[in-house]
Amino acid sequence: MNQALSEQGALIAIQGAGCQSCVKKIKHALAPLTDADKVSVDLQQQTVSIDAAVDIPAALEAIRQLGYPAELKEDKQNEENAAGGHCELSAAEPDTVSEQDAAPQDASQPSKSQTGAIQLNITGAKCAACVSKIEQALQNVPGVASAAMNFADRTAAVEGDADTDALIQAVEQAGYGATLATDDAADQEAKEKAEQVYYKQLLQNMWLALGLGVPLMAWGLLGGEMMVQTGLSQFAWLAVGLITLAVMAKSGGHFYTGAWKAFKNHSANMDTLIATGTGAAWLYSMAVAALPQAVPEMARHVYFEASAMIIGLINLGLALEVRARGKTSQAIKRLLDLQPKTARVIRDGDEKDIPIENVRKGDLLRVRPGEKIAVDGEVRDGKSLVDESMLTGEPIPVEKKQGDKVSAGALNKTGSMTYVAVKVGKDTALAQIIAMVKKAQNAKPPLGRLADKISAVFVPVVLIIAVIAALAWFNFGPDPRIAHMLVAATTVLIIACPCALGLATPMSVMVGVGKAAEAGVLIRNGGALQQAGELATLVLDKTGTITEGKPSVLEIQAVDGRDQTELLRLAASLEKASEHPLGMAIVESAREQSLTLSDPVDFQSESGQGVTGVIDGVTVLLGNRRWMETNHIDAGPLTEAADKLAEQAATPLFMATDGALAGVIAVADKIKSDSREAIARLRERGLRVIMLTGDVKRSAEAIAKQVGVDEVIAEVLPEDKARVIRDLRQKAAQGELVGMVGDGVNDAPALAEADVGFAIGTGTDVAIESADITLMRGSLHGLADAIEVSRATVRNIKQNLFGAFVYNALGIPVAAGLLYPVLGVLMSPVLAGAAMSMSSVTVVSNANRLRLFKSSAQHKQEEKAA
């Protein structure tokens, strides 16, 4: 089979694509190879369909380079030829096609796709160099589409179809530990306990090492002899050296063990630097104490205090880092705390409390005032106010009554209710939100990629610099050259800190995603987190986004004295099965008037124009002016009336019966109470706000004027919304990004086309699945909050990266002795150890500042309250 070039396109089976961000990456990768408009990605079937000429091997390679395993499933050109009787396909690649056909049938595949990824808890990772090592080990496991480790959270997320045991084994072979992260609450609790034990152990190590190092240093500073000059001092320093060795083994054993594991795996990490630096200082000092005559008299200085102090200070820095790091995951803790441990279930007439794990779908449960909803369900009996603020960010409690949906984790405020369990366990909205937040916290925004690349080669480069510095001091330095050489090399090894680089991005992402979740904003990936703050243009769908999405009939005007009630009955009968908000409004109005509706016959719908059908023998058309023109109906007699209704922000729907104009029905959708204020916030942030709608221009302009958008694009067919977004992106200046906000099925293509897609949480599942960011509450203030959180997070990441880069860029040259020719000063290794410890603590502390972030709306509320 010729796989080189197919004029008809190809169908490619992929693995590991789980969201619209993956879709965008695949489309962009294929854009240089074929017509991008002819490329579609089916996430459910895990296929890429190309309906244009394409170089198949190049397309497969482009997808694989993104990290998605890809195999040719169907060469459409050869398929076409085969249909004409020339078939070589089955003989060419029967196994490949068979395997890929079978893949979607595997029941485990959809499950993994829905949950996102396999989560592993990682132990033994000390710095950013470990991150790249672990990620590489995971990516080498067959079936892995992508692997990303969160250094801040010590977890790894693996996407694809890999075996869990193989993943754990790969991490262990790389010299680290790994366990499968199972139950979220139990896993979080176990991690917290392990962190507490680790924290106490680090403090004990610190006290022991400083207990030796501080007296030794004080001895030297107070004029005590630090040189080996006499036989007595030689004996004394040999004894001190052995004590130091014991302290190093007890307090710094984990550094030497980590360095040895890294050495066995042909890599180097932070432990390598510490072990090499402190080990060199101890070995040199022991050599001086054992054989003082072997070194020049001026170089008989011992540095036991440096080894002990460095280990003590770095243990202190790690302890502070562990303590500060625990605060970054408070958002997840708060979400996990929402989940009650027990539920009151009613079985066989008896009520009893059972563990939440034992609740089954279909169980009848009771929730009393002050208790939390245990699982997602539907109210069977009772009425109450329910606080859903931790889930949606909406502070006002919502009234729940029979038939209403309730979500796990929401707080029942007033009355007692019974409800039927609809979703339990990991299917509840709360569980899915937790999973989404954890996945987003593991994501790496593009901004952090430079740090990752540098971190991967950081330790080997520092080792080379230390050797160069030592050689320079040995060959060109003043006496005592050997002592200067040792001090400079040791200081370079100790002051270099890959931890700060490794922590700079994930720490800020964890806090930023958590703050967004607290505001009811769910961010799916790191790219969206970064790009949301870089948007220059924001396109808002009208219905359900700016407006309530619950239109009602405002007015009916009939021609030739026709009966308005009969027109409403005919229109409602035609729209009886409609799910369109305007059609549902007409049906609702008819039901309010207790009209008897008939079943439509020969019903037809034209997207974006209108519907037609036969009601009780009468042919009825209902739709916009274009729909009338298409069906050769003269809408002229009602044009002026329709325009006046449109100026009131209503949508006029023309109606015709048996080929003659019958009337116009005006349907109005109420604007959300806070849309104008939220749009003003967006414009204050410098965004150009556009309203996109299929409504008639006059109606759209009337609404636009009320809410204060910059521009209106009206009378757009649903299928054209994605094209409008594409045009805006093409016309945008270099670097300017376009975002889209929508809530309906017809918004999904536009959401996927935008640089960042925002879905209103009250919208359809399709829109939410297509979006990069989901706003859990219906208010557009969530949109402004998301953009402000994004900007604050990116600013925080830049501060961290700047600090980490500057620290290493200045610290390493100074440690190597750059200031010695000018000031005659050579940095002490002890000072380097203190600086190294504080660099990581500084990054973590700066990231934690994000926890104090408040949106502009919160600031205004506080100012009003004051």
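The values are calculated or read from the model by the stated rules, or taken from the named source; none is laboratory data. It should be emphasised that the depicted structure is a prediction, and the values quoted were computed from it without experimental measurement. All Cβ positions, even for glycine, are placed from backbone atoms using ideal geometry, and neighbour counts span all protein chains on display. Heads up: the accessible areas ignore ligands, DNA and RNA and are worked out on the full protein's heavy atoms, side chains in. Shrake-Rupley method; radii C 1.70, N 1.55, O 1.52, S 1.80 Å.
Take the conditions open to solvent by 20 Å² or more (accessible area, probe 1.4 Å) and not acidic (Asp, Glu) and apply them to Leu212. Does it pass? Spelling it out, Leu212 is indeed open to solvent by 20 Å² or more (accessible area, probe 1.4 Å) and not acidic (Asp, Glu).
Looking at the stretch 423-436, is at least one residue open to solvent by 40 Å² or more (accessible area, probe 1.4 Å), more than 30 Å from Ala148 (Cβ to Cβ) and touching an Asp or Glu at 6+ places or on another chain (Cβ under 7 Å)? No; the residues of the stretch 423-436 include none that is open to solvent by 40 Å² or more (accessible area, probe 1.4 Å), more than 30 Å from Ala148 (Cβ to Cβ) and touching an Asp or Glu at 6+ places or on another chain (Cβ under 7 Å). Annotation: Ile243 fulfils all but one of (1) at pLDDT below 85; (2) closer than 17 Å to Leu283 by Cβ; the unmet one is (1). Flag: Pro395 matches the condition of being under 29 Å from the mean Cα position of the chain (by Cα) and either modelled with pLDDT under 80 or not in a loop (DSSP other than H, G, I, E, B) (or both). Considering (1) touching a helix residue (DSSP H, G or I) at 6+ places or on another chain (Cβ under 7 Å); (2) of a type outside the set (Phe, Trp, Tyr); (3) in contact (Cβ under 8 Å) with a residue 24 or more places away in the chain; (4) open to solvent by less than 30 Å² (accessible area, probe 1.4 Å), the lone condition that Val587 does not fulfil carries the number (3). Applying the criterion of being surrounded by fewer than 17 Cβ atoms within 10 Å (Cβ to Cβ) and not charged (D, E, K, R) to the residues of the stretch 632-650, the residue that is nearest to Ala702 (Cα to Cα) is Gln648. Looking at Gly448, Gly409 in this structure, which one is farther than 20 Å from Val814 by Cα, open to solvent by less than 60 Å² (accessible area, probe 1.4 Å), of a type outside the set (Phe, Trp, Tyr) and modelled with pLDDT of 80 or more? Exactly one of Gly448, Gly409 is farther than 20 Å from Val814 by Cα, open to solvent by less than 60 Å² (accessible area, probe 1.4 Å), of a type outside the set (Phe, Trp, Tyr) and modelled with pLDDT of 80 or more, namely Gly409. Each residue in the stretch 235-253 was checked for being part of a helix (DSSP H, G or I), crowded, with 20+ Cβ neighbours inside 10 Å and under 43 Å from the mean Cα position of the chain (by Cα), and 2 pass.
Mind checking which residues of the stretch 152-172 are open to solvent by 60 Å² or more (accessible area, probe 1.4 Å) and touching a residue at least 60 places away in the same chain (Cβ under 8 Å)? Correct list: Asp161 only.
Yes or no: Thr537 open to solvent by less than 20 Å² (accessible area, probe 1.4 Å) and of a type outside the set (A, V, I, L, M, F, W, C)? Before the answer, list the steps.
Numbers: open to solvent by less than 20 Å² (accessible area, probe 1.4 Å): yes; of a type outside the set (A, V, I, L, M, F, W, C): yes.
So Thr537 fits the description; yes.
Within the stretch 280-310, can you find the residues that are closer than 30 Å to Cys497 by Cα, touching a residue at least 24 places away in the same chain (Cβ under 8 Å) and of a type in the set (Gly, Ala, Ser)? Talk me through it step by step, then tell me what you get.
Our first condition is that a residue be closer than 30 Å to Cys497 by Cα; within the stretch 280-310, this holds for 280-288, 299-310.
Filter again for touching a residue at least 24 places away in the same chain (Cβ under 8 Å), leaving 280-282, 284-286, 288, 299-310.
Passing the criteria: Ala280, Ala281, Ser285, Ala299, Ala306, Ser307, Ala308.
Only residues that are small (Gly, Ala, Ser) and open to solvent by 50 Å² or more (accessible area, probe 1.4 Å): list them for the stretch 363-379, please.
Initial filter on the stretch 363-379 (small (Gly, Ala, Ser)): 370, 374, 377.
The answer is Gly370, and nothing else.
Within the stretch 457-472, which residues are open to solvent by 50 Å² or more (accessible area, probe 1.4 Å) and within 29 Å of the chain's Cα centre (by Cα)? If the condition is that a residue be open to solvent by 50 Å² or more (accessible area, probe 1.4 Å) and within 29 Å of the chain's Cα centre (by Cα), then Val457 is the only one that fits. Checked against the criterion of being open to solvent by less than 50 Å² (accessible area, probe 1.4 Å) and farther than 17 Å from His301 by Cβ, the stretch 216-231 has no qualifying residue.
Residues Gly370, Gly312: which one is at positive phi, under 41 Å from the mean Cα position of the chain (by Cα) and at pLDDT 85 or above?
On the way: Gly312 fails: at positive phi.
Going through Gly370, Gly312 in turn, just one is at positive phi, under 41 Å from the mean Cα position of the chain (by Cα) and at pLDDT 85 or above: Gly370.
Please verify whether Gln799 is free of Cβ contacts under 8 Å to residues at least 60 places away in the same chain and closer than 22 Å to Ile454 by Cβ, treating the condition exactly as stated. So Gln799 fits the description; yes. Within the stretch 10-40, the set of residues being modelled with pLDDT of 75 or more, open to solvent by less than 30 Å² (accessible area, probe 1.4 Å) and under 24 Å from Ile725 (Cα atoms) comprises Ile26, Ala29, Leu30, Thr34, Val39. In the stretch 666-680, the residues that are closer than 15 Å to Leu538 by Cβ and open to solvent by less than 20 Å² (accessible area, probe 1.4 Å) reach residues that are small (Gly, Ala, Ser) and part of a loop (DSSP other than H, G, I, E, B) with C-beta atoms within less than 6 angstrom, at least six apart or across chains, in these pairs: Ile679/Gly708. Here is the figure for the stretch 848-857: residues that are within 27 Å of Asp153 (Cβ to Cβ) and in a helix (DSSP H, G or I) total 5.
How many residues does the stretch 221-234 contain that are in a helix (DSSP H, G or I), modelled with pLDDT of 80 or more and not polar (S, T, N, Q)? Outline the logic, then answer.
Taking the stretch 221-234 as the starting set, the residues that turn out to be in a helix (DSSP H, G or I) are 221, 231-234.
Keeping just the survivors that are modelled with pLDDT of 80 or more gives 232-234.
Applying the additional criterion that residues be not polar (S, T, N, Q) yields 232.
The qualifying residues number 1.
Among the conditions (1) surrounded by fewer than 17 Cβ atoms within 10 Å (Cβ to Cβ); (2) within 26 Å of Thr537 (Cα to Cα); (3) not hydrophobic (A, V, I, L, M, F, W, C), the only one that Asp785 does not satisfy is (1).
Does at least one position in the stretch 279-291 carry a residue that is modelled with pLDDT of 80 or more and hydroxyl-bearing (Ser, Thr, Tyr)?
Yes: one or more hits.
Just to be sure, is Val709 part of a loop (DSSP other than H, G, I, E, B), modelled with pLDDT of 85 or more and closer than 21 Å to Ala536 by Cα? Full working, then the answer.
Values: part of a loop (DSSP other than H, G, I, E, B): yes; modelled with pLDDT of 85 or more: yes; closer than 21 Å to Ala536 by Cα: yes.
It is true that Val709 is part of a loop (DSSP other than H, G, I, E, B), modelled with pLDDT of 85 or more and closer than 21 Å to Ala536 by Cα.
Of the residues making up the stretch 691-712, those that are surrounded by fewer than 21 Cβ atoms within 10 Å (Cβ to Cβ) and over 21 Å from Glu640 (Cα atoms) are Gln706, Gly708, Asp710, Glu711, Val712.
If the condition is being part of a strand (DSSP E or B), open to solvent by 30 Å² or more (accessible area, probe 1.4 Å) and over 10 Å from Leu574 (Cα atoms), then the stretch 603-614 contributes Ser605, Glu606.
How about the stretch 731-757: which of its residues are in a helix (DSSP H, G or I) and closer than 19 Å to Val23 by Cβ? First the steps, then the outcome.
We begin by selecting, within the stretch 731-757, every residue in a helix (DSSP H, G or I); these are 731, 745-753.
Result: Val745, Asn746, Asp747, Ala748, Pro749, Ala750, Leu751, Ala752, Glu753.
For (1) over 21 Å from Ala649 (Cβ atoms); (2) surrounded by fewer than 24 Cβ atoms within 10 Å (Cβ to Cβ); (3) in contact with a Pro (Cβ under 8 Å, 6 or more places away or on another chain); (4) of a type outside the set (A, V, I, L, M), each residue gets a yes or a no:
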{"position": "Met510", "(1), (2), (3), (4)": "yes, no, no, no"}
{"position": "Gly549", "(1), (2), (3), (4)": "no, yes, yes, yes"}
{"position": "Leu554", "(1), (2), (3), (4)": "no, yes, no, no"}
{"position": "Gln557", "(1), (2), (3), (4)": "no, yes, no, yes"}
{"position": "Leu567", "(1), (2), (3), (4)": "yes, yes, no, no"}
{"position": "Leu595", "(1), (2), (3), (4)": "yes, yes, no, no"}
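Inside the stretch 380-389, residues that are open to solvent by less than 70 Å² (accessible area, probe 1.4 Å) and in contact with a Phe, Trp or Tyr (Cβ under 9 Å, 6 or more places away or on another chain) make up a count of 1.
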